[in-house]
1. So what is the relative contact order for the range 203-394, in percent, with contacts set as C-alpha pairs under 8 Å and at least six apart?
2. With only Lys, Arg, Asp and Glu charged, each at its Cβ (+1 for the first two, -1 for the last two), find how big the charge dipole of the chain is about the Cα centre; round to the nearest 20 debye.
3. Determine the calculated [θ] at 222 nm for the chain from helices alone, applying -39500 (n - 2.57) to every DSSP H run no shorter than 4 residues and normalising by the residue count; nearest 500 deg cm²/dmol.
4. Residue by residue through the range 112-122, what is 3J(HN,Hα) from phi via Karplus (6.51 cos²θ - 1.76 cosθ + 1.60, θ = phi - 60°)? Round to whole Hz and write x for glycine and proline.
5. Please work out the C-alpha center-to-center distance from the range 117-194 to the range 439-486 and express it in whole Å.
6. Using a Debye calculation, one point per C-alpha and no hydration shell, please list log10 I(q)/I(0) for the range 546-683 at q = 0.14, 0.22 Å⁻¹ in order.
7. Could I have the simple spin-label model distance between LEU598 and ASP650, label points 7 Å from Cα toward Cβ, reported in nm to one decimal?
8. Given contacts defined as C-alpha pairs under 8 Å and at least six residues apart, what's the relative contact order of the range 36-159, whole-number percent?
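The values are calculated or read from the model by the stated rules, or taken from the named source; none is laboratory data. Keep in mind that what you see is a predicted model, and the values were worked out from it rather than measured. Note that we place each Cβ from the backbone using ideal geometry, even for glycine, and neighbour counts take in every protein chain shown. These accessible areas exclude ligands, DNA and RNA; they are computed on the full protein's heavy atoms, side chains included. Shrake-Rupley method; radii C 1.70, N 1.55, O 1.52, S 1.80 Å.
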Amino acid sequence: MTPAEETLKKYYGYSSFRPGQKEIIEQVSSGRDALVLMPTGGGKSLCYQIPALMLPGCAIVVSPLIALMNDQVEALCANGIPAAAIHSNRDEYTNRELLYDASQGRLKLLYISPERLMLELDHIVERLPISLIAIDEAHCISQWGHDFRPVYTQLSVLKQRFPNVPVMALTATADRLTREDIARALGLNNPFTYIGSFDRPNISLRVMNDPGKKQRLRIIASLIDKYHLDSGIVYCLSRKKTEAMHEALTEMGYKSVCYHAGLLPREREAAQKAFVNGEAQVVCATIAFGMGIDKSNIRWVVHNNIPGNIESYYQEIGRAGRDGLPAEALMFYNFADIITRRSFVDESGRREINNEKLDFMQRYAEATVCRRRILLSYFSEECIDDCGNCDNCRTPRQRFDGTILAQKALSAVIRVNNNEGIQTIVDILRASARKEILDKGYHMLRTYGAGRDLTPSEWNSYILQMIQLGLLEVAYEDNFHLRPTPLGMKVVKGLQKIELTIYEAPVYGKKTSARQEPKHVLSPDEQLLEQLKQLRKKLATEEKVADYVVFSDASLADMVTHQPEDIDAFADISGVSKVKLAKYGKKFLSVIRKHKGLKASPPIGTSQKETLILFDAGMSPEEIALLKKVSLSTIYTHLISWIDEGKLTDFRRLTTLEQYQTVSHLFDTDPDNAFSRLEGAMGIPGYIIRAVLAEKRARTS
Ligand code: ADP
Ligand code: ZN
C-alpha cells in the first residue's frame, strides 16, 4: 500500500481510488500545481484532503458557500481529521481562535471564504504553516464561466504571496475557455491538469416541445408514479413557478416540497431534509437547490423551463442517477422561456457572454443530433459514437454520410488559418464575390466554391451540426473564429467518417434573406412574434400609448408558445385581461390564425363561451353580434344558455327594467297569451322575452 492508499483507508475507509485521484494526489503532494475538472460527485474533495493529511502544515481551502464548508468540516471531523471553517456566519472570537489553532499546527484543513481570505492574508502569511491551497468552484474566477464572482479575481495574488505552496483549482464545470482562464488567472505554474469524464451514460436525455401546462403535469406525475419509491427534481424558472408546481403536484396527491432562495433558512433546511430522507417524492426547485446534495437515488430530473446555459443544465441533470442506475432527464422547451431568459441576460451585466451561452442552450434544445455528443463536446470531451440513450438517437432524423461535406468545411477553415467565423467560411465554400473575400484573396483558395451546390442555410445547418458533434469549435475569445478539433482533424485526414442529419428548410416567408447570420434567420416562432409585435406597434400608435401598454413582451411570447386559435384559448394567455380580450382579441387571433394557415377569423358562432367572455368583458349584446357577425338573437341564445347554467352574473344588461317588468307581469297574469301579445302589439323581440323567462326560471329553481 502507498502512503496515500493508507491514508485513504485510515481516514475514509475506502479501499481504492477513483479515476484520477491517485495521480492528482501524487502530483500535488510532490509540490506541483493542479487543475482538476471532475463532475459533481466525482470525488474532488479527496484530491486535496489526502495531500493535506500527508503534508506537514495546514491546507487552506477556499470555498464560496458557507453551507458547503460546514458540511465538509463536519464530515472531516467525523472522520477524526482536525478541520475548521472561518466565515462571516460565525462569531469573531471563534474565528480568531480557529486561526490561532491553525497557526499552532492543530488544524490540517482550514476552509475559508474568498472575502475572508483576502482580509486575513497578511495574518496568514506570517503565521500559518501552509501545506497547500485548494480553490474550490474555481470556475467562479472566469468571466467566461457561468458563475463569475468578482471576489475570486483577487485570488490571483495567492501565487505571488505563496510562491512555494502548491495551488489546486477544482471545478465541476468548465468548458475549454473557462479552464484556460482559471489557469491563467491563478498564475498556475505548469499545472497537472486532470479532466475527468463527464459522461453519465445512465441518464437518458430528452427534450420535448412544451405540450402545455396540463400535459406537462401529467408527464411529471407519470415520472413520480414510475419511480414511486425514489425521488425526482423539477427545476423551474422562478420562485413563483416553483410554488405553483409544488401546489399542483400536492393537489394531485404527491408528496412534494418546494425549495428556492426566498425561503427562510429554516424552511429550506426542512425541505432539503424531507427530500434527503425520502419523505418527499419530489422537490420543486429553482437553481438554488442541490448544491452539496449527496442523494444517490434521484431517478429523474425535469426542467420545466430551459436553463440559461449548458453548465447549469449539465450540473442539474447530473444530480440524477448518482448510483449509476438508469435515470431520466427531461426538458420542456418553449420559445417563451427563451425570451424570458434573454431578458435575464440583458439585466445580467454580462450580456454578450450570457447570450452566447443561452444560444448554445437553445441550439441544444433544438438539435437533431445525439444530445450527449453535444454536451460532451461542449466540455471538449471527444466522442465518436452516438449514445443511443437520448431522444434523437432513439428516433433519429434522416441521416447521410456527411464526411465529404465536413471535409470541405474543415479544409476551408484550415486554409484560412482558423481566422474566420461561420459566415465567411460559408461564403468561401459558396464562392461569394463579396469584397472582403476578394480583398483577402480567399478566391484563390482550393476550397473556394467547393460547396457551391448547397444553399447558405444548408451550410449553416451543417456547420452548426459539426460544432455540436465536436468537429469544430468556436473560439469565443478570438472573434468567434472556427477551428478544427482533434476529432475534426481525423475527419479531414479521412480517418473518421461522420453522419449529419439532412437539413430541412423551415417554412419561411420569401423575404428572409439567405445572407443573414444563422442566429438572425427567423424561425417560424420568431416570425410570428415579429408579426405580433408589428400589430402591437400599430395599435399602440393608434391609441398613442407605449407598446407594452397593449401587451407586454411576455404576453406576446406566451401567444407564440400557445398559439391560441379562438377567443377561449386566447383568454388563457398571460396578461390578457378581459378588457384587452375584448379590445384586441380578434386582431391578435387573426395574425396567429393566418400564421397557422387557418382562416383569419375563428369559425363564427361556434363558441358560446366566447360570447360570455366578451359579455363579461363589458361588451353589449349588440356589439358582440356585430363583432361576431351573427344575429342579435343568436347572441341572446348563447347568453340565455349561460343563464340556465347559472354563469351569467350581470343579467340586467340584457333587458331594460321596463321590459323585464312588462314581460314578467304578463306571464304571471295571462301566461297563455303572453308571448303573442308581447311580440305583437307591444313589439318586444322574442329573444328579450326568452331572456326574461330564463332569468325567472333561474330564480325559482
Ligand atoms: P465532489 O466534490 O467531486 O462533488 P466528493 O469529493 O464530495 O465529490 O465525493 C463524492 C462522494 O464520493 C463522497 O461521498 C466521497 O466520500 C465519495 N468518494 C470519494 N472518493 C472515493 C473513493 N475513492 N472511494 C469511495 N468513495 C469515494
Ligand atoms: Zn444520443
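1. That works out to 26 percent.
2. 1380 debye
3. Details: 33 runs with 342 residues, N = 701.
Taken over the chain, the calculation gives -14500 deg cm²/dmol.
4. So the J values, rounded to whole Hz, are 8, 7, x, 4, 5, 4, 5, 5, 8, 3, 4.
5. The range 117-194 and the range 439-486 have Cα centres spaced 36 Å from each other.
6. -0.72, -1.35
7. It works out to 2.6 nm between the two label points.
8. 32 percent
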